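What follows is a short report on a single structure.
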Protein chains: 2
Amino acid sequence: MPSHNQYKQSRSLFERAAAVIPGGIYGHTTPANMVPGEMPYFAERGSGCRYWDVDGNSYLDYMCGYGPIVLGHVHPEIEEAAERQRRDGDCFNHPTARMVELAERFTGLVDFADWAVFGKNGSDMTSWAVQVAREHTRRKKLLMVRGAYHGTHAWCTPGKGGLLPEDRAHIITFEWNDAASFESAVKIAGDDFAAVIVTPYHHPLYTENLLPAPSFMQTIEASWHKRGAVLILDDIRAGFRLDLAGSHRAFGFTPDLACYCKALGNGHPISATAGRASLKAAAGRVFLTGSYWNGAVAMAAAMKNLEILERDQVPAHLEKMGRLLADGLVSAAERHGWKITMSGPPAIPFLTFNGERYFYQNQAFSVEMAKRGVFFHPHHNWFLCAAHGPEEIAETLVAADEAFASMKAVTQESAAA
Amino acid sequence: MPSHNQYKQSRSLFERAAAVIPGGIYGHTTPANMVPGEMPYFAERGSGCRYWDVDGNSYLDYMCGYGPIVLGHVHPEIEEAAERQRRDGDCFNHPTARMVELAERFTGLVDFADWAVFGKNGSDMTSWAVQVAREHTRRKKLLMVRGAYHGTHAWCTPGKGGLLPEDRAHIITFEWNDAASFESAVKIAGDDFAAVIVTPYHHPLYTENLLPAPSFMQTIEASWHKRGAVLILDDIRAGFRLDLAGSHRAFGFTPDLACYCKALGNGHPISATAGRASLKAAAGRVFLTGSYWNGAVAMAAAMKNLEILERDQVPAHLEKMGRLLADGLVSAAERHGWKITMSGPPAIPFLTFNGERYFYQNQAFSVEMAKRGVFFHPHHNWFLCAAHGPEEIAETLVAADEAFASMKAVTQESAAA
């Protein structure tokens with residue numbers, strides 16, 4: 001039974017937005033990426049793993065702000081740490097001791113990291129890491145997986161507007177999980193092979209998420225070692241949800257540089273790059289900065305967040321809850337005659353309907369779940385957070401049972417009509 | 001008489017930093033940009049227009065975090081507005097109403113703005129604005145002033161590390177305040193002239209700051225109108241300190257796109273681009289986003305900040321205090337036999353010693369001022385904030401009198417030695 005399906009305030013606020021903002025809402029949270037008209041557009045408030053939209057509808061939150069919320073919205077310990085720093089100030093002519101403390105904790109946690117730098121966006125970090133790799137190797141060619149998302153800068157944006165042909169100079173793409181395709185890209189790069197950038201597993205929009213095939217990452221690792229190129233891990237989406245030592249640990253390889261963002265500050269704006277000692281000199285020669293990058297509040301929040309992730313062994317909890325959710329969804333689907341696949345790591349899962357090409361069933365399912373107070377994205381992987389417990393998963397599965405049933409009903413009605 | 005000159009904690013913290021961060025402190029706040037060993041490296045806390053370093057030394061703050069602090073550190077009204085939002089949450093699957101309210105207020109304030117978008121860094125905005133201009137015109141050539149700072153992205157970074165020759169493709173530089181140089185750049189761009197990006201006045205490091213010569217901006221304005229190119233104003237450093245309608249108002253021209261950052265959120269991380277209606281469709285076609293860009297806390301802070309800037313007519317106050325400071329510094333210098341020039345707008349002033357090429361006197365003066373509890377940057381323009389009042393300016397001028405005297409003494413001693 002739908003508990004709510006009104007998005008009146010969302011729609012009226014969107015009209016106001018469209019008058020003063022190109023597209024009304026831009027970027028990854030644009031309604032065009034979800035199911036326009038059938039899902040909320042604007043959030044009002046959050047608490048733990050729930051949030052409320054501007055129409056007063058509440059949702060169990062399985063997107064967690066597209067990743068940053070790893071402990072829960074408005075987490076008391078994080079906010080207390082942030083508030084303590086805030087009373088002293090945030091943005092100064094110098095960094096504060098928070099930067100040093102965070103770099104020490106961060107490099108203590110990420111197993112291969114000898115040093116770290118901090119920024120505000122994931123894109124800041126991937127672009128800088130590529131520059132560091134080129135500076136270190138004095139070579140130009142960058143290998144990347146076709147369809148991988150590494151941010152919004154011109155060299156990697158999924159957008160098409162305003163680009164130059166030169167923006168993609170020296171970039172060679174290869175296919176995920178295809179060692180032959182990778183080797184052929186390496187051949188093309190030849191002596192000018194500077195770096196390869198990969199996500200720890202493949203998580204583009206509008207597809208099943210794909211874990212690395214056995215030995216795929218090790219093929220890459222061996223090749224780049226042999227040729228003196230730099231392996232850059234884009235751990236922005238998965239970092240600290242799978243393994244606190246870095247997501248590479250979960251898949252048995254080691255990068256030279258790795259970029260983090262989403263789960264680093266529980267929503268406080270901060271991103272990071274970690275690197276090996278051998279890259280430190282080159283890193284020091286590639287300028288990076290931003291007006292707010294020394295911001296002490298986000299650093300204090302990140303410190304506390306890393307502390308809690310370790311203390312509460314959050315990745316293990318996320319995996320457990322993720323398995324509960326995935327198994328329950330598959331069973332619920334089966335009960336109503338649907339075959340679905342849960343892909344990606346359990347902590348960052350994604351649902352696809354088997355044999356579905358255009359995601360209509362994903363969209364219908366997400367709409368039915370939203371009506372029942374659960375926010376699932378139809379096209380983008382989901383995120384669990386520490387506040388998701390067995391009760392919330394059970395509540396989700398009750399809603400899913402109804403949603404799958406209602407979809408079946410709709411399909412039968414359509415067939416009968 | 002020096003009240004403090006110990007930077008022991010700064011130095012020991014820097015040693016810890018250097019172990020885990022390339023260069024110890026990177027970016028614009030690196031000690032290498034100031035006077036290493038003779039000025040503080042790390043901040044501890046701030047309040048109004050004062051801050052304390054990690055050694056307990058206090059400073060009248062004339063850098064204001066390199067600009068973001070426009071009302072004062074830990075401003076009670078800003079922090080109250082931020083706290084109100086923070087209780088409801090910050091980072092969601094959607095924007096909040098704060099984004100719409102801020103876009104409405106922002107476009108109501110910036111006189112030519114029909115729309116706005118928000119980001120986290122200035123560089124996010126200048127790079128995106130250039131893309132929007134290219135998308136709108138379907139042309140490639142970008143004209144920029146030689147030596148102007150527009151951020152850290154590859155096309156404009158002052159750094160040298162890790163760049164590709166292609167990063168500067170289609171960029172043509174011209175000289176500030178040189179109409180002939182501009183016209184010659186326009187000729188080179190020819191039919192492919194997409195955009196010109198300028199700061200409202202010229203404020204590179206290590207030079208006097210230069211206001212636009214009479215008619216220089218109007219020459220640019222006329223040329224780009226005639227040729228259908230886009231005029232991008234990089235108002236990141238000056239925006240909202242000179243004129244709340246945008247710094248172009250202070251110099252009598254109107255851009256098509258303008259980028260803001262520093263004084264927008266009183267230290268809360270937020271940047272913006274404003275544009276004309278004619279550019280809105282193109283803007284909607286150039287992808288932009290970041291993990292924290294919907295962050296409601298920074299938007300709530302920016303809303304309140306813009307409200308206070310208007311209510312308290314802050315730009316007029318900054319100009320008045322800036323004039324008091326500049327006149328007082330020139331007099332104090334003269335009293336001790338120094339000839340200095342105060343350049344740039346009074347609200348964002350810079351001091352240079354006449355005829356000095358290597359900034360040794362600027363460095364000596366900044367060191368003497370730091371000892372006396374006033375933070376002036378020897379190489380980068382300064383920033384005033386609303387918390388600077390006549391008493392603080394008077395306190396500064398007493399310190400300056402001593403500093404100029406002490407420099408003279410040193411010089412005479414050196415000469416005698």
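The values are calculated or read from the model by the stated rules, or taken from the named source; none is laboratory data. Please read all numbers here as calculations on a predicted model, not as lab measurements. All Cβ positions, glycine included, derive from the backbone under ideal geometry; neighbour counts span all protein chains shown.
Kindly check whether there is at least one residue in the stretch B:111-122 that is over 28 Å from residue A:20 (Cα atoms), in the same structural domain as residue B:215 (by TED's automatic domain parsing) and either of a type in the set (A, V, I, L, M) or surrounded by 19 or more Cβ atoms within 10 Å (Cβ to Cβ) (or both). Taking every residue of the stretch B:111-122 in turn, none turns out to be over 28 Å from residue A:20 (Cα atoms), in the same structural domain as residue B:215 (by TED's automatic domain parsing) and either of a type in the set (A, V, I, L, M) or surrounded by 19 or more Cβ atoms within 10 Å (Cβ to Cβ) (or both). For the stretch A:142-151, the criterion of being within 9 Å of chain B (Cβ to nearest Cβ) and either buried (at least 16 other Cβ atoms within 10 Å of the Cβ) or more than 21 Å from the chain's Cα centre (by Cα) (or both) is met by at least one residue. Only one of (1) under 25 Å from the mean Cα position of the chain (by Cα); (2) facing another protein chain (nearest Cβ under 7 Å); (3) crowded, with 24+ Cβ neighbours inside 10 Å fails for residue A:126. Which number is that? All conditions pass for residue A:126, except number (2). Would you confirm whether any residue within the stretch B:56-76 is acidic (Asp, Glu) and surrounded by fewer than 23 Cβ atoms within 10 Å (Cβ to Cβ)? No; the residues of the stretch B:56-76 include none that is acidic (Asp, Glu) and surrounded by fewer than 23 Cβ atoms within 10 Å (Cβ to Cβ).
Checked against the criterion of being touching a Phe, Trp or Tyr at 6+ places or on another chain (Cβ under 9 Å) and either part of a loop (DSSP other than H, G, I, E, B) or among the hydrophobic types (A, V, I, L, M, F, W, C) (or both), the candidates B:236, B:232 yield just one match: B:236. Taking first residues from the stretch A:285-296 that are more than 7 Å from chain B (Cβ to nearest Cβ) and closer than 16 Å to residue B:42 by Cβ and partners that are hydroxyl-bearing (Ser, Thr, Tyr) and crowded, with 24+ Cβ neighbours inside 10 Å, the Cβ contacts under 8 Å between residues at least 6 apart in sequence or on separate chains come to A:296/A:96.
Summed over the stretch A:297-344, residues that are more than 17 Å from residue A:383 (Cβ to Cβ) and either within 19 Å of the chain's Cα centre (by Cα) or among the hydrophobic types (A, V, I, L, M, F, W, C) (or both) total 13. Which of the residues spanning the stretch A:239-262 are charged (D, E, K, R), part of a loop (DSSP other than H, G, I, E, B) and over 14 Å from the mean Cα position of the chain (by Cα)? Passing the criteria: A:243, A:256. Here residue B:99 passes the criteria (1) touching a residue at least 60 places away in the same chain (Cβ under 8 Å); (2) farther than 18 Å from residue B:259 by Cβ except the one numbered (2). With respect to residue B:61, determine if the residue is modelled with pLDDT of 95 or more, closer than 24 Å to residue B:322 by Cβ and acidic (Asp, Glu). Answer is yes for this residue. Within the option set A:84, A:105, being in contact with a Leu (Cβ under 8 Å, 6 or more places away or on another chain) and assigned by TED's automatic domain parsing to the domain that holds residue A:300 holds for one residue only, A:105. All conditions in (1) at the interface with chain A (Cβ under 9 Å from one of its Cβ atoms); (2) over 30 Å from residue B:311 (Cα atoms); (3) in contact (Cβ under 8 Å) with a residue 40 or more places away in the chain; (4) among the aliphatic types (A, V, I, L, M) hold for residue B:17, with the sole exception of (3).
Let me confirm something: among A:104, A:135, which residue is in contact with a helix residue (DSSP H, G or I) (Cβ under 6 Å, 6 or more places away or on another chain), within 8 Å of chain B (Cβ to nearest Cβ) and touching a residue at least 24 places away in the same chain (Cβ under 8 Å)? Selected residue: A:135, the only one of A:104, A:135 that is in contact with a helix residue (DSSP H, G or I) (Cβ under 6 Å, 6 or more places away or on another chain), within 8 Å of chain B (Cβ to nearest Cβ) and touching a residue at least 24 places away in the same chain (Cβ under 8 Å). For the stretch A:25-53, a tally of residues being at positive phi and touching a Ser or Thr at 6+ places or on another chain (Cβ under 8 Å) returns 1. Take the conditions within 14 Å of another protein chain (Cβ to nearest Cβ), of a type in the set (Asp, Glu) and in contact (Cβ under 8 Å) with a residue 24 or more places away in the chain and apply them to residue B:243. Does it pass? Against the criterion (within 14 Å of another protein chain (Cβ to nearest Cβ), of a type in the set (Asp, Glu) and in contact (Cβ under 8 Å) with a residue 24 or more places away in the chain), residue B:243 does not qualify.
Looking only at residues in the stretch A:31-41 that are surrounded by 23 or more Cβ atoms within 10 Å (Cβ to Cβ) and within 20 Å of the chain's Cα centre (by Cα), the one that is nearest to residue A:302 (Cα to Cα) is A:41.
Within the stretch A:163-188, the set of residues being of a type in the set (Val, Ile, Thr), over 22 Å from residue A:214 (Cα atoms) and touching a Phe, Trp or Tyr at 6+ places or on another chain (Cβ under 7 Å) comprises just one member, A:171.
Give the residues of the stretch A:205-247 that are aromatic (Phe, Trp, Tyr) and under 16 Å from residue A:175 (Cα atoms), sorted by residue number. Within the stretch A:205-247, just A:216 meets the criteria.
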